């Protein structure tokens, strides 16, 4: 009997040690599968929309009239719901009715309130100014939310005036260019923060919570990067991908659209500090130059690939 009790005790101790890790691995695989499936559905749906800008009413208030903002809600009801199966739609005052939690845990472990409008997601989405490079401003649109038939809760931040594309700007189209620089905000049409299991928990970025961003109103780019927790060491652009592999063999350098999406959602990634500077992307402007994005001033520009050492935040495949 003593030997049996001793064996059961050992089994119990081993189970107590290994079970949390095993459960965590199962959850990670489940979330990863759900994340990829959600991204595939969104990519297919967005491809069916003729254009992503112009939805909803958006006017600034003055002394005699109040501001009108139905942009995000109308984008979902009149646009997205036509190409994506949606169960429930909620305005900015009733986000919890669509399973949106009040708080979430950022990648760096910080507990933050779930943003309910553009300025709470990132003040830089509303205005930006750089000495010698012009400025950018937009109205502070409210968020809307919806639930999918698969049980995901999703909140959307919408810019009805999104314009341009990186390729168009390269070709000399100045519609997306202010001064001598390119503000990343101009090209964001819709940004979605998803919760794969509603508000059940753990409500943590990189686990059940992530983001999908749609850039450019026509021929849109849909990206859903999953960034690593920390920056890679400073490097030249043509060496940055190798630095990513050193941190995680399954990671890589983000392209410029993924990097822009990370800027829009930098509060979720703990990247909103003032010391954040230029980050490399994998997108080339020419054989010798590559695009980068400044997380302080919010503009993206191209620089020599092997001249300046800049920061890198790698993303998982």
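Observations, loosely collected:
- Residue 149, sole failed condition from (1) under 19 Å from the mean Cα position of the chain (by Cα); (2) surrounded by fewer than 19 Cβ atoms within 10 Å (Cβ to Cβ); (3) modelled with pLDDT of 85 or more: (1)
- Filtering segment 83-100 to residues that are in contact with a strand residue (DSSP E or B) (Cβ under 7 Å, 6 or more places away or on another chain) and farther than 20 Å from residue 119 by Cβ leaves 85, 86, 87, 88, 89, 97, 98, 99.
- Test: residue 162 is at pLDDT 85 or above, part of a loop (DSSP other than H, G, I, E, B), buried (at least 22 other Cβ atoms within 10 Å of the Cβ) and assigned by TED's automatic domain parsing to the domain that holds residue 103: yes
- All conditions in (1) in contact (Cβ under 8 Å) with a residue 24 or more places away in the chain; (2) surrounded by fewer than 24 Cβ atoms within 10 Å (Cβ to Cβ) hold for residue 296, with the sole exception of (1).
- The requirement of being within 18 Å of residue 154 (Cβ to Cβ) and modelled with pLDDT under 95 is not satisfied by residue 16.
- Some residue of segment 31-48 being modelled with pLDDT of 90 or more and in a loop (DSSP other than H, G, I, E, B): yes
- Residue in segment 118-126 that is under 25 Å from residue 296 (Cβ atoms), outside the structural domain of residue 294 (by TED's automatic domain parsing), modelled with pLDDT under 95 and part of a strand (DSSP E or B) present: no
- Residues of segment 56-99 that are modelled with pLDDT of 90 or more and either outside the structural domain of residue 117 (by TED's automatic domain parsing) or in a loop (DSSP other than H, G, I, E, B) (or both): 83, 84, 85, 91, 99.
Residue-wise test of (1) surrounded by fewer than 20 Cβ atoms within 10 Å (Cβ to Cβ); (2) closer than 19 Å to residue 205 by Cα.
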| position | (1), (2) |
| --- | --- |
| 250 | yes, yes |
| 253 | no, no |
| 263 | no, yes |
| 281 | no, no |
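The values are calculated or read from the model by the stated rules, or taken from the named source; none is laboratory data. Keep in mind that what you see is a predicted model, and the values were worked out from it rather than measured. Please note: Cβ atoms are built from the backbone with ideal geometry, for glycine as well, and neighbour counts cover all protein chains shown.
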